[in-house]
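The values are calculated or read from the model by the stated rules, or taken from the named source; none is laboratory data. Keep in mind that this is a model prediction, so the values were computed, not measured. Cβ coordinates were reconstructed from backbone atoms using ideal geometry, including for glycine residues, and neighbour counts include every protein chain displayed. In case anyone asks, the SASA skips ligands and DNA or RNA and just uses the protein heavy atoms, side chains included. Shrake-Rupley method; radii C 1.70, N 1.55, O 1.52, S 1.80 Å.
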Amino acid sequence: QNYFDNFWPDLKAAHELFDSILQARHERESESQENNGKEYPEHLPVEILEAGIKSGRYIQGTLNVNKHRAQLEAFVRLQGFGSKETG
């Protein structure tokens, strides 16, 4: 803010852009505080997921998404398996 005020006081577009970025940052920080520091809300509590993995109801793996065809192509690599297991 000081930089724009001191060196570019007449550049209205830069001041507006800075204010917009600052407002977006404050909104993200307040949302993060509402979600206990997490960017996305959890679907199920961690305890339920851990119990489901132990019982075999849920599986644990890593989601791999094709960066060029993200909406069409992805697979899940299950932990403990060497090959690509999909699900």
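Can you give me the ranges of the helices (runs of 4 or more DSSP H) entirely in segment 1-73 with at least 2 residues that are in contact with a helix residue (DSSP H, G or I) (Cβ under 8 Å, 6 or more places away or on another chain)? Outline the logic, then answer.
Working: elements: 2-7, 12-34, 46-55.
Fully inside segment 1-73 and qualifying: 12-34.
Listed here are the residues, each with its yes/no results for (1) open to solvent by 100 Å² or more (accessible area, probe 1.4 Å); (2) at pLDDT 90 or above.
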| site | (1), (2) |
| --- | --- |
| A13 | no, yes |
| E27 | no, no |
| E34 | yes, no |
| Y40 | yes, no |
| G52 | no, yes |
| V65 | no, yes |
| H68 | yes, yes |
